[in-house]
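The values are calculated or read from the model by the stated rules, or taken from the named source; none is laboratory data. Because the structure is a prediction, the values reported are computed rather than measured. Cβ atoms come from the backbone with ideal geometry, glycine included; neighbour counts cover every protein chain shown. Only protein heavy atoms, including side chains, enter the accessible area calculation; ligands, DNA and RNA are left aside. Shrake-Rupley method; radii C 1.70, N 1.55, O 1.52, S 1.80 Å.
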Amino acid sequence: MSPATATLTRYKMFIGGEWLEAAGGKYFPSDNPFTGKPWAEIPRGGAEDATRAIEAAHKALTSGEWPKLTATRRGALLRKLGDLIADKSKDLAAIEVRDNGKLFAEMSAQTAYMAQWYYYYGGLADKIEGHVIPSDKPDTFNYTRYEPVGVVVGIIPWNSPLLLVAWKLAPALAAGNTVVLKPSEYTSASVLEFMKLIEQAGFPPGVVNVVTGFGAEVGTPLVEHPKVAKIAFTGSDATGQKIYAAAAKGLKRVSMELGGKSPNIVFDDAHLDNAIKGVISGIFAATGQTCIAGSRLLVQQSIHDEFVEKLVAFAKTAKMGDPMNMDTQVGPVTNPPQFEKILNYIDIAKGEGAKAVLGGARATRPECGNGWFVEPTIFTGVKNSMRIAQEEVFGPVLSVIPFKDEDEAIAIGNDVVFGLAAGVWTQNMRRAFTMAEKLQAGTVWVNTYRAVSYLSPFGGYKRSGIGRESGQEMIKEYLQTKSVWISTATEVPNPFIMR
Ligand code: NAI
Ligand code: MG
């Protein structure tokens with residue numbers, strides 16, 4: 001793996017099993033959010049590179065070794081990849097941290113856990129079974145086959161690059177597709193390093209490809225290419241809309257995960273110390289840069305003041321600094337535009353009349369050096385109609401909103417365009433089930449937060465997305481169904497009548 005040296009590490013793209021520069025020969029720097037300085041150079045891909053990668057993926061889909069492999073062999077390749085990931089998980093995590101600034105403590109656990117997606121879908125590969133349909137026509141045999149959709153483009157954001165690759169790549173390959181990945185321009189290095197493991201695992205050339213560069217330059221031509229069957233995207237609402245519109249022109253399949261403004265709801269009957277940890281983990285873990293951030297804290301009025309006081313006291317102890325240190329709890333923000341965006345939302349909240357009871361500014365602590373750090377921030381006096389309660393900040397900024405009773409908690413919780421996740425803190429079982437039913441979110445956590453698994457479907461209600469990732473069912477998003485009719489009749493009946 002590439003060492004952190006004073007000179008920049010120069011990466012290449014991975015297309016058709018070869019390591020290539022961008023056709024235009026250009027590079028762009030990738031920064032380390034803790035030092036605020038560039039550490040790597042990434043090929044600046046464009047339309048020509050996009051076409052090359054799609055052609056390579058299409059060739060691998062339709063000829064050569066891949067389409068001939070049995071599903072069992074595909075599964076074995078995926079499981080081998082899982083083993084290689086488990087082996088290299090710390091190295092991969094270190095690169096992610098250097099590029100996106102998230103905590104090594106979290107990323108190393110995440111990259112190790114990520115192997116499970118390859119094991120799970122590796123196991124599922126040869127359990128994709130069609131059906132025999134009990135035909136209503138005499139002398140006919142009708143059955144279904146599930147076949148790969150074709151070339152899949154995976155567009156990846158910067159917050160958890162390799163995990164979000166796994167969510168797309170593992171099922172796509174298990175289903176027999178070929179894939180072109182486009183990592184974020186802020187965090188391309190780990191996905192490129194990961195291609196070494198794809199090579200080692202022995203996937204045929206062109207089955208997995210990576211092109212790097214900016215959305216408008218290399219992302220758009222990928223999405224628009226006529227040989228692409230499906231786009232799997234995780235990222236912002238705005239980019240999701242653009243990709244959906246472009247996909248519509250080519251009538252391509254899409255799955256999208258577009259973030260949220262998730263309510264974390266604390267009732268007065270909750271175990272308060274646990275609820276505080278759950279709220280902290282929902283908004284300050286990963287510096288709030290997660291799609292599932294519990295960025296709206298809904299607290300029952302009767303405990304509002306006490307809860308906020310305890311929450312602030314706990315959040316104040318958060319240790320900021322070098323994300324590679326195992327005891328750091330809040331790391332830097334990944335990139336300067338995101339850093340500016342968060343600070344801008346803090347200003348917006350103040351302008352709307354919210355009160356910063358903690359933080360509310362960039363962090364200037366000595367341990368933060370020149371990195372892009374924002375103080376963990378808690379706003380009280382927030383109304384659900386304010387922008388700070390409705391728009392995704394993607395940073396360590398919590399809005400506290402009081403509520404009266406269950407009905408009001410549900411009304412406020414659902415009064416937002418997103419629906420990715422929701423948290424509920426209560427010791428009342430009836431209330432737990434009722435809330436789980438009434439909240440409009442793809443995931444509801446009761447007395448826990450941020451649990452995700454390869455076993456469990458993940459995705460959004462409303463504007464948080466289309467489709468699901470993880471779990472058994474979602475493999476169908478990477479498959480198409482063929483219905484096959486075979487006649488055993490000795491004679492073809494009247495050809496002028498459809499039966
Ligand atoms: P973005 O949605 O613009 O970028 C995500 C990916 O899409 C990147 O790989 C980017 O290069 C690519 N892309 C951008 N425009 C494209 C286009 N026209 N065609 C094809 N690909 C394109 O997200 P960005 O700018 O990195 O972050 C902006 C905001 O997105 C954040 O502030 C946050 O609110 C949200 N976000 C949400 C994430 C989630 O997990 N749902 C993850 C990261 C960011
Ligand atoms: Mg970077």
Check your understanding: How high is the relative contact order of the chain, given as a whole-number percent (alpha carbon pairs under 8 Å, six or more residues apart)?
Key -> 18 percent
Check your understanding: For the stretch 46-106, what class follows from the C-alpha gyration tensor (a ≥ b ≥ c being the square roots of its eigenvalues): rounded when a/c is under 1.5, otherwise prolate if a/b is larger than b/c, else oblate?
Key -> oblate
**Study point:** Check: the stretch 1-82 dipole with +1 on Lys, Arg Cβ and -1 on Asp, Glu Cβ, in debye
**Key:** 380 debye
Review point. In nm, to one decimal, how far is the modelled label at L8 from the one at D136, with both set 7 Å along Cα→Cβ?
Key: 6.6 nm
Exercise for review: Choose one of T364, G206, N414: the residue whose Cα lies farthest towards the positive end of the charge dipole of the chain (beta-carbon charges +1 Lys, Arg; -1 Asp, Glu; about the Cα centre).
Suggested key: G206
Revision key, fill the gap. With +1 at each Lys and Arg Cβ and -1 at each Asp and Glu Cβ, the charge dipole magnitude of the chain around its Cα centre, to the nearest 20 debye, comes out at 700 debye
**Study point:** Mean residue ellipticity (222 nm) of the chain, computed from DSSP H runs ≥ 4 via -39,500 (n - 2.57), nearest 500
**Key:** -11500 deg cm²/dmol
Point to revise | Between helix 161-174 and the chain: long-axis angle, C-alpha atoms, 0 to 90°, nearest 10 | key: 20 degrees
Study note, to complete from the structure: Residue-normalised value, i.e. accessible area per residue, for the chain at 1.4 Å probe, in Å², stands at 41 Å²
**Study point:** Residues of the stretch 180-194 with amide N under 18 Å of the 7 Å Cα→Cβ point at K26
**Key:** 183-188
Review point. Gain in length, K319 to H271, computed as 0.36 nm per residue apart minus the alpha-carbon separation, to one decimal in nm?
Key: 14.8 nm
Point to revise | Separation in nanometres of the label points that stand 7 Å from Cα toward Cβ, at E48 and A245 | key: 2.9 nm
Exercise for review: Classify the stretch 208-324 as rounded, prolate or oblate from the Cα gyration tensor: take a ≥ b ≥ c as the square roots of its eigenvalues, call it rounded if a/c is under 1.5, otherwise prolate when a/b beats b/c and oblate if not.
Suggested key: prolate
Revision key, fill the gap. Once Lys and Arg are counted +1 and Asp and Glu -1 for all other residues with Cβ under 14 Å from that of P221, the total becomes +2
Check your understanding: In the chain, carbon and sulfur make up what percent of the accessible area (probe 1.4 Å)?
Key -> 54 percent
Check your understanding: When all C-alpha to C-alpha distances in the stretch 263-446 are sorted into bins of 5 Å, what percent of pairs does each bin hold, rounded to whole numbers?
Key -> 1, 9, 18, 22, 20, 15, 8, 4, 1, 0
**Study point:** Flagged links, alpha-carbon separation over 32 Å, of K80/K102; K355/K438; K88/K227; K127/K249; K26/K80
**Key:** K88/K227; K127/K249; K26/K80
**Study point:** Angle in degrees between helix 429-438 and the longest Cα principal axis of the chain, rounded to the nearest 10
**Key:** 60 degrees
Review point. How would you order 311-317, 76-82, 98-104 from highest to lowest mean count of nearby Cβ atoms within 10 Å?
Key: 98-104, 76-82, 311-317
**Study point:** Reduced Cα scattering model of the stretch 401-457, Debye log10 I(q)/I(0), q = 0.14, 0.26 Å⁻¹
**Key:** -0.38, -1.19
Review point. Assuming R0 = 25 Å, what is the FRET efficiency of N428 and S453, from their Cβ-Cβ distance, to the nearest 0.05?
Key: 0.45
Exercise for review: Sequence neighbours fewer than 8 away in the same chain don't count; with that in mind, list the aspartates and glutamates whose C-alpha is under 14 Å from K277.
Suggested key: E309
Point to revise | Estimated translational D of the chain in µm²/s (Stokes, Kirkwood radius over Cα pairs; 4 °C; 1.567 mPa s) | key: 54 µm²/s
Point to revise | Cα-based helix-to-principal-axis angle, 104-124 vs the chain, degrees rounded to 10 | key: 30 degrees
Practice item. Give the distance, in whole Å, between the Cα centre of the stretch 364-436 and the Cα centre of the stretch 6-39. Key: 37 Å
